[in-house]
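The values are calculated or read from the model by the stated rules, or taken from the named source; none is laboratory data. All values derive from a computational prediction rather than experimental measurement. Ideal geometry is used to build each Cβ from the backbone, glycine not excepted, and the neighbour counts take in all protein chains shown.
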Amino acid sequence: MAAESMIKLTRGVPPAESFPADKLAVCAAEVLAQHGDIILQYGPSRGFPGLLALIAQETGVAESQVIIGQGSLQLQDLCARMFVEAGDVVYTEDPSYDRTLTVLRRAGARVVGIPLDDDGPNIEMLQNRLQAGERPVLFYIIPDFQNPSGTLLSLEKRQRIAALAQQYGFWVIEDVPYRKLRYAGVDLPTLFELAPDRVIQMSSFSKLISPGLRVGFAVGPEPVIGQLAKMAEDTYINPSYLNQAMVAEFAHRGWLDAQIEVLKQLYTPRLQAMLAALETYLSGRADWRTPQGGFFVGMTLRAEVSADDLLRRAREANLLLTDGRGFFTDGGGDCFVRLPFCALTPAEIDVAIARLAQVVDGLA
Ligand SMILES: Cc1ncc(COP(=O)(O)O)c(C=O)c1O
């Protein structure tokens, strides 16, 4: 690639070459022919029946425990509006997904970040806050290949958090859009599997098929999902069924499992390229964790830098970075850089990290 072109290390979006457009065209034609009467009509707010059944079967729950929305963020927004009253405490990992932080704050939450260790949120701090009498209504957690840090929540911490949710009676929103994009290691139980009466699990086809389809879902206890469905109905009547029916058809044809394998083949070398480039150009000057899946490596520079300087200098060097401060709940994040490796080729990743290292040198 040309040395002077701008490289975007900003949003964690799938690359266009990963979109199965031809197969989706087949699915669209098929579902309109087969189910046009349902797809083109108003209907239940929970979503397209064929996809509800598929998600219920895969998760091992009743269909009444599933709701499908226009992306999982929309369901997070409904959850926030349902659970949070102005001033309520909500726990998140610190750092966490910036859009969710916005959604929670907009609902009036007092967001409290629990610092993230290598294996998930710091349990001692969590326990101390709870023992001191703080009562969160929600704990929002991304256990698998966290956005923005790439962290995996350990089995022990999953069990501890599940037990604390039960003991102190808070809800856990477990957000797992990257769970199926695992490049190494083996799956750990989900929080929903460990505490099904306290956890609402969210996931999405955005990272597995296409974000533009806007198909995300939540699974949880029947009364909670019922309330979400009522709120959804009062907000947008029903979601678009066409996209949901296309996803169901895609999965029924066996194309989803095949697509996930294709994505793993595409992203594994990109992660390896990112880790190799970090080792080559930033070893000793930054710390990062090695993710087993997902889209992101979270990196912290050892030198104290100002995010404004870092972003400006990076832009001058034709490198777009996301402002690390946006992921933190209570200040900080100047030295944090989220590095999405999914949408760049290995060669672009190498150039990007070489540029980043030069920028960091210039700031030191
Ligand atoms: C952790 C996390 N949750 C939710 C979303 C949004 O997903 P959706 O496209 O299903 O709304 C993203 C997108 O980047 C994400 O990283």
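Quick notes
For every residue, the table says whether it meets (1) touching a Gly at 6+ places or on another chain (Cβ under 7 Å); (2) buried (at least 18 other Cβ atoms within 10 Å of the Cβ).
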{"position": "241", "(1), (2)": "yes, yes"}
{"position": "247", "(1), (2)": "no, yes"}
{"position": "254", "(1), (2)": "no, no"}
{"position": "267", "(1), (2)": "no, yes"}
{"position": "278", "(1), (2)": "no, yes"}
{"position": "283", "(1), (2)": "no, no"}
{"position": "288", "(1), (2)": "yes, yes"}
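- When the strands (runs of 3 or more DSSP E) confined to the stretch 206-305 are screened for residues that are under 23 Å from residue 335 (Cα atoms), those reaching at least 2 such residues are found at 286-288, 296-301.
- Search result, residues across the stretch 1-31 that are in contact with a Leu (Cβ under 9 Å, 6 or more places away or on another chain) and under 26 Å from residue 348 (Cβ atoms): 6, 7, 8, 9, 10, 14, 15, 17, 18
- The number of residues in the stretch 300-336 that are closer than 17 Å to residue 6 by Cα and touching a Pro at 6+ places or on another chain (Cβ under 9 Å) comes to 1.
- Some residue of the stretch 71-88 being buried (at least 21 other Cβ atoms within 10 Å of the Cβ) and in a strand (DSSP E or B): no
- Residue list for the stretch 93-104, filter: over 13 Å from the mean Cα position of the chain (by Cα) and either within 9 Å of the ligand (Cβ to nearest atom) or in a strand (DSSP E or B) (or both): 94
- Residue within the stretch 227-237 that is within 16 Å of the ligand (Cβ to nearest atom) and either at pLDDT below 95 or surrounded by fewer than 18 Cβ atoms within 10 Å (Cβ to Cβ) (or both) present: yes
- Members of the stretch 173-201 found to be of a type in the set (A, V, I, L, M, F, W, C) and either within 14 Å of the ligand (Cβ to nearest atom) or touching a residue at least 40 places away in the same chain (Cβ under 8 Å) (or both), listed by number: 173, 176, 181, 184, 188, 191, 192, 200
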